[in-house]
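Worksheet: the structure to be examined is printed underneath.
The values are calculated or read from the model by the stated rules, or taken from the named source; none is laboratory data. Since the model is a prediction, treat every value here as computed from it, not as a measurement. Note: ideal-geometry Cβ built from the backbone for every residue, glycine included; neighbour counts use all protein chains shown.
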Amino acid sequence: MRFMLDQAQTDFGRTVDRMLGGAGTPHAVRAWARGEHAAGRAVWGRLADAGVMSLAVPEAYEGVGPLPVELGVAYVAAGRHAVPGPLAETAAATVLLAALAESGTARSGQAAKDWLPRIADGRALVTLAAADGGPYALDADAADAVFAVAGEELWLAPGHGPVQPSFDPARRLARPLPGGELLARGPAVAAAAAHAADWAAFATAALSLGTGLALVERTAAYVTQRTQFGRPIGSFQAVKHRLADALIGLEFARPLLYGAAVALTSGPGGDAHASGPAGTAHASGPAGTAHASGPGGGALASGPEGGARAAVAAAKVATGEAAYTAARTALQLHGALGYTDEYDLSLWIRKARALRSAWGSPSVCRARVLAP
C-alpha cells in the first residue's frame, strides 16, 4: 500500500512546522516540567490559531472535523518540536464528548456544547483519564477540565491528586479526584471511550513519529560537526548505517500512521470507501484527501470499528518502536552529551521513551493487531 498526502495537507503540515519552529518550544518544555504553564499555553494558542485544535471537533461545535489525516499531519509537526501538554488526551476527550452528545444524553450534550467550542478555538485545554490510558490524567495540573471514565460512567472530575514523577518530566501525571459531575452513564460511555482511546493512540503515534524524525535530524546534523581522527564522525560507515536504520524504521512506520488515519475516518462522522481496480482508500474532508493505493487492492479503511483499532495499534507500535530506536541511536552517537539535561536532545529522548508506552504498550498493541 502507498499513502500520499495531497498538496493542501502537505502545505498545512509545513505551515504548522514553520510556526512551531519559531515558538521556542524547548524553553516551554522545561518550564512545563517545573509546573509553569504560561509558555506552553502560548504554544497551544499558536496551534489553535493555525486550526489544529479544531481538527477533532465536529462542525456542529465550531470545529472542522473530525479529520484524522490532518490531525496526524499536525501532530507529527508537534512531535518534531516537542510541544508540551496533553495533545493526545485533548483530542480523545473531544471525540468522547462528541460521540456521547450524538447518543442523546442530556448532560453529555450540554458538556459538548460547553467545552468543544472552547477546545476548538484554544480557550480550553482538557485532559482525559480512561482505562486504556492508565489511572492517571496527563497534565491535569495545567488542564481547564479533567474528564474521567470509570467503567460505564463519564465524570467531570473536581480536581486531581499530587503530581507523580514521570520518566519524561514534561509529562506530569496525576490521578483525578473521585466524584465531581456525572456527565453520562451506560453502555454508550464504554463504546465512546473505546473509540476515543483509538484516537488517543493514533495521536500518540503521530507524536512519536515526529519525535523520532527530530532525533534523526538533530543527530545527523551533530555527526557532521563532531570530529574524530581528524574527520567528522558522520563520514564513518558504522555511523551512517545506524542513522540509516533509524530513518528507515520511521519511514516504514509513516504509511501505517496514515493508514490508521484513513481507518479512523470510517468511524463516527467519517467517510471511507474503496474504489477502482487498484483498491484505493480515500479519507476526505475540507482540508483535502489522503489516498492509499497499491496493486494488490483492498482498502485498509473499510470495515468495522475493530479494523480501525487494529490499524491504529499497528501504527502505534511501529512509530513507538521506531522513535525509541531513533532515541537510542541519538544517545549513542552523541555520547555523554546526550545524557545531560541542559542539552536539548534530552527533551526528545525522554519523550520517545514515554510515548512508546502511552495509550498502549508495544505488547498491548501487538495483541490488538493479532486479535481475530
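For the stretch 336-348, the set of residues classified as of a type outside the set (Gly, Ala, Ser) and touching a Ser or Thr at 6+ places or on another chain (Cβ under 9 Å) consists of Tyr339, Thr340, Leu345, Leu347, Trp348, listed by residue number.
Here's the yes/no breakdown for (1) of a type in the set (S, T, N, Q); (2) surrounded by 23 or more Cβ atoms within 10 Å (Cβ to Cβ); (3) modelled with pLDDT of 95 or more; (4) in contact with a Gly (Cβ under 8 Å, 6 or more places away or on another chain):
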{"residue": "Pro286", "(1), (2), (3), (4)": "no, no, no, no"}
{"residue": "Ser293", "(1), (2), (3), (4)": "yes, no, no, yes"}
{"residue": "Gly307", "(1), (2), (3), (4)": "no, no, no, no"}
{"residue": "Ala315", "(1), (2), (3), (4)": "no, yes, yes, yes"}
{"residue": "Ala327", "(1), (2), (3), (4)": "no, yes, yes, yes"}
{"residue": "Gly338", "(1), (2), (3), (4)": "no, no, no, no"}
{"residue": "Pro362", "(1), (2), (3), (4)": "no, no, yes, yes"}
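Residues that are assigned to a strand (DSSP E or B) and small (Gly, Ala, Ser) were ranked within the stretch 140-167; the one that is surrounded by the most Cβ atoms within 10 Å (Cβ to Cβ) is Ala148. Filtering the stretch 98-113 down to residues that are free of Cβ contacts under 8 Å to residues at least 60 places away in the same chain and in contact with a Leu (Cβ under 9 Å, 6 or more places away or on another chain), which residue is surrounded by the most Cβ atoms within 10 Å (Cβ to Cβ)? Here the residue is Ala112. Among residues that are of a type in the set (D, E, K, R), modelled with pLDDT of 95 or more and either within 21 Å of Tyr258 (Cα to Cα) or surrounded by 20 or more Cβ atoms within 10 Å (Cβ to Cβ) (or both), Arg14 is included. Note on the stretch 240-264: residues that are over 16 Å from the mean Cα position of the chain (by Cα) and closer than 15 Å to Met4 by Cβ amount to 1. Would you confirm whether any residue within the stretch 257-268 is at pLDDT below 95 and either surrounded by fewer than 18 Cβ atoms within 10 Å (Cβ to Cβ) or over 27 Å from Ala99 (Cβ atoms) (or both)? Among the residues of the stretch 257-268, at least one is at pLDDT below 95 and either surrounded by fewer than 18 Cβ atoms within 10 Å (Cβ to Cβ) or over 27 Å from Ala99 (Cβ atoms) (or both), which makes the answer yes. Does Ala48 fit the bill of being crowded, with 22+ Cβ neighbours inside 10 Å and within 13 Å of Ala23 (Cβ to Cβ)? Criteria not met by Ala48. Within the stretch 57-83, the residues that satisfy the criterion of being crowded, with 24+ Cβ neighbours inside 10 Å and of a type in the set (Val, Ile, Thr) are Val57, Val69, Val73, Val76, Val83.
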